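This report refers to the structure that appears directly beneath it.
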Amino acid sequence: MADSIEVLRLASKGRVAGSPLQRNIERTEEEESCLAFGYLRGLHDRALAVQFRFREGNSLWLPYSWLGPWQHDPSEGLLLKFVGDTVILVIIRGSNLAAPVNEESVNLTDGGFQRHRIVFVKEMDEVELRKAGEREATIDRIEVAEFDSRDEIRKYLKIAAPAFLIR
């Protein structure tokens, strides 16, 4: 009985994890974003999944536990390989993808995906692309494709992003 009274007391103060008030407080304290992506602020914080937000309003969430090898080639973008029941490739196309945000240690590459700190990546519309600074990360397009075999992956990459083919 004492436990339920304590839960009610904490809920009335907005401190129960999962309550709307608590989620808003956590988001403002723990997450930060730029025009292209959002990230966890703490150096040791880790996200469980990353959300890909598409221009038309659809979203896709993929768990970090599925994230395998990934590559960055400034001429092509970022290639993320998620391995679950099938292989899902995500190609993030844009510019300045390795550029730090607000002079912090966070970017999409080594300070972001490598440390599982990126919580969302979004395709930017024309207004956002124009608003972005010259050295700021921009996301022009996010491409997602699902595969059952290694041969399918190689055929796809040969056409869509040949720079990512491992020779």
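A compact table of results
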| item | result |
| --- | --- |
| Neighbourhood charge, 9 Å Cβ-Cβ cut-off, centred on residue 88 and excluding it, Lys, Arg +1 and Asp, Glu -1 | 0 |
| Integer Hz, Karplus 6.51/-1.76/1.60 couplings in order for region 75-84, x for Gly and Pro | 6, 10, x, 10, 10, 10, 10, 9, 10, x |
| Likely footprinting exposure, 79, 60, fewest C-beta neighbours within 10 Å first | 60, 79 |
| Likely footprinting exposure, 127, 121, fewest C-beta neighbours within 10 Å first | 127, 121 |
| Cα-centre dipole for region 33-167 with unit charges at Cβ (Lys and Arg positive, Asp and Glu negative), debye to 20 | 220 |
| Principal axes of region 21-167: Cα extent on each, largest first, Å | 47, 33, 29 |
| Virtual spin-label span in nm between residue 59 and residue 41, 7 Å along Cα→Cβ | 2.0 |
| Region 119-124 - phi-based ³J(HN,Hα) in whole Hz, Karplus 6.51/-1.76/1.60, Gly and Pro as x | 9, 8, 10, 10, 5, 8 |
| Sequence of 70, 61 once ranked by neighbouring C-beta atoms within 10 Å, starting from the fewest | 61, 70 |
| Positive-pole candidate from 105, 165, 118, dipole of region 74-167, charges at beta carbon | 165 |
| Point-to-point label distance, residue 127-residue 143, nm (Cα→Cβ direction, 7 Å offset) | 2.8 |
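Every read-out reported here was derived from the displayed coordinates using simple, explicitly stated rules and does not represent laboratory data. Computed from a prediction, not measured in an experiment: that's the story for all the values here. Here the Cβ is made from the backbone with ideal geometry for all residues, glycine too, and neighbour counts use every protein chain on show.
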